[in-house]
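Enquirer: Dropping a structure here in structure tokens format, bear with me for questions.
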Amino acid sequence: MIGLDHSAVYNARNPEMSVPSSRAHWPCCLLLLLTKLVFASDWKQPEAQLAQKIAAATDSGVVALEVTNRSSISAAEVEEIHREIVALLTASGVRIWEPNQAASTIRITLSESLQNYVWVAEIRQGTSDPVILMVSAPRPDSALSPQNTAPLTIRATQLIAQPDRILDATVIEGNPRRMLVLATGAITPYEFRDGHWNAGQALTITHAHPFPRDLRGRIVLRKDHLFDAYLPGLVCRSTNSSPLALNCAHSDDPWPLQTEQFGVSGFFAPARNFFTGALVPGVGRQRSAPAFYSAAAVSKDRYTLWILAGVDGQLHLLDGINQQVETKIHWGSSLAGVHASCRTGGQVLVSSTGEAGTDSIQLFELPNREPLPVSQKLDLNGTITELWPSSDGESATVIFRNSATGNYEAMFLNLICSQ
């Protein structure tokens, strides 16, 4: 299982989508109309750009259109933008219809950064992966402060690749930088010198009971000692002095689900590859949830929203009082909550599987609990096995098995704020 440049970057058209010849080249009269409109008001240029991109990417001429405002644009202006985009799409041959009679659904979200208005169109056609289109327009200095900031880029840096399975890897910033790699039988420390990660003495993981076949594990950095390593039915604790040593003991203690800031842990099924749903101390009043593979926490103004990728294939949202099953969002089983330094709220790194069977990662925000993509997809040449947030919550580590080499690879994911 997944960047936006300094200006708005647009997803390429889905190669599986055909573009009817009537819209592959816009009629001269429409182009003339757009030329006149572009300079009529502040919104004409992004309206024209977004309508043209939607028309080029939409396979069917019958679509349902929804516009959601997450910016400081007034309600009256949003209505005008909606009308103009509908008019432009209609002029290009696209018909706007009711959702139950449309072949495609287009959801346009109006957001903004400190410098630009950023408009995102998500096009869904049947069971195909959604197509994400973005345009931007300069934001005047007099505009109100935005709730959202610039589009984000997911930057991936390879840490290590090896034939043996990798369960987790975490980077410890410092001079030199260090890294801990959790594998099935050992934890190996590394130091970054001369442009390379150099392995130290591996710390053997001792355990009395056999591990499940689909083994999972996580490394959590600590303040009073270097780290704890969680595996099914086992917790290993490091010393805090050099040379490092490792003490492992049978344990049913819950695993931390995100970072210490959120303080929620979940019990892991010792003979399986998922969390049972029992939570400690819980999310508000909620002490349990359906069994899940992964969890992500997103900070809101007055509460924390927890998103669980359930074993039942559904997303479960917990806010401390209510549990919501989200049937319309189809994400993969690997989620990680993160927080970009340039954003006021949290984001979720989400896995998904493409038609070729390889996975990708994309970054979402959930204003009003509606997923809004805030990055392009980062495609991986393989299948994700783990996705864990870093200890500071501002980055993550993804583990995947490379389809071409068969090796397990660990990559460090950090979030870049576009300017």
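The values are calculated or read from the model by the stated rules, or taken from the named source; none is laboratory data. Just so we're clear, the structure is a prediction, and the values are computed from it rather than from any experiment. Neighbour counts run over all protein chains shown; Cβ positions are idealised from the backbone, glycine included.
Enquirer: Please count how many residues of the stretch 50-98 are under 19 Å from residue 130 (Cα atoms), in contact with a Gly (Cβ under 8 Å, 6 or more places away or on another chain) and part of a loop (DSSP other than H, G, I, E, B).
Expert: 2
Table: residues versus (1) under 30 Å from residue 154 (Cβ atoms); (2) at pLDDT 90 or above; (3) touching a Cys at 6+ places or on another chain (Cβ under 8 Å); (4) loosely packed, with under 13 Cβ neighbours inside 10 Å.
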site: 32; (1), (2), (3), (4): no, no, no, yes
site: 36; (1), (2), (3), (4): no, no, no, yes
site: 53; (1), (2), (3), (4): yes, yes, no, no
site: 81; (1), (2), (3), (4): yes, yes, no, no
site: 88; (1), (2), (3), (4): no, yes, no, no
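Enquirer: Only one of (1) part of a strand (DSSP E or B); (2) surrounded by 15 or more Cβ atoms within 10 Å (Cβ to Cβ) is not met by residue 332, so which one is it?
Expert: That leaves (1) as the condition not met.
Enquirer: A further question follows. Take the conditions within 30 Å of residue 122 (Cα to Cα) and in the same structural domain as residue 398 (by TED's automatic domain parsing) and apply them to residue 255. Does it pass?
Expert: Judged against the criteria, residue 255 is not a match.
Enquirer: Right, here's the next one. Output the number of residues of the stretch 258-271 satisfying the condition of being within 13 Å of residue 216 (Cβ to Cβ) and assigned to a loop (DSSP other than H, G, I, E, B). If you could, list the steps in order and put the result at the bottom.
Expert: First pass over the stretch 258-271, keeping only residues within 13 Å of residue 216 (Cβ to Cβ): 266, 268-271.
From the residues that got through so far, the ones that are assigned to a loop (DSSP other than H, G, I, E, B) too are 269-271.
Of the residues in the stretch 258-271, 3 are within 13 Å of residue 216 (Cβ to Cβ) and assigned to a loop (DSSP other than H, G, I, E, B).
Enquirer: If you don't mind, another one. For the stretch 147-179: of the residues being basic (Lys, Arg) and assigned to a strand (DSSP E or B), which is surrounded by the fewest Cβ atoms within 10 Å (Cβ to Cβ)?
Expert: Of everything passing the filter in the stretch 147-179, 155 is surrounded by the fewest Cβ atoms within 10 Å (Cβ to Cβ).
Each row is one residue, and each column tells you yes or no for (1) in the same structural domain as residue 336 (by TED's automatic domain parsing); (2) in a strand (DSSP E or B); (3) of a type outside the set (Gly, Ala, Ser); (4) surrounded by fewer than 18 Cβ atoms within 10 Å (Cβ to Cβ).
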site: 181; (1), (2), (3), (4): yes, yes, yes, no
site: 191; (1), (2), (3), (4): yes, yes, yes, yes
site: 198; (1), (2), (3), (4): yes, yes, yes, yes
site: 210; (1), (2), (3), (4): yes, no, yes, yes
site: 213; (1), (2), (3), (4): yes, no, yes, yes
site: 248; (1), (2), (3), (4): yes, yes, yes, no
site: 273; (1), (2), (3), (4): yes, no, yes, yes
site: 280; (1), (2), (3), (4): yes, yes, yes, yes
site: 287; (1), (2), (3), (4): yes, yes, yes, yes
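Residue-wise test of (1) under 32 Å from the mean Cα position of the chain (by Cα); (2) modelled with pLDDT under 95.
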site: 197; (1), (2): yes, no
site: 203; (1), (2): no, no
site: 207; (1), (2): no, yes
site: 212; (1), (2): yes, yes
site: 215; (1), (2): yes, no
site: 224; (1), (2): yes, yes
site: 229; (1), (2): yes, no
site: 239; (1), (2): no, yes
site: 244; (1), (2): no, yes
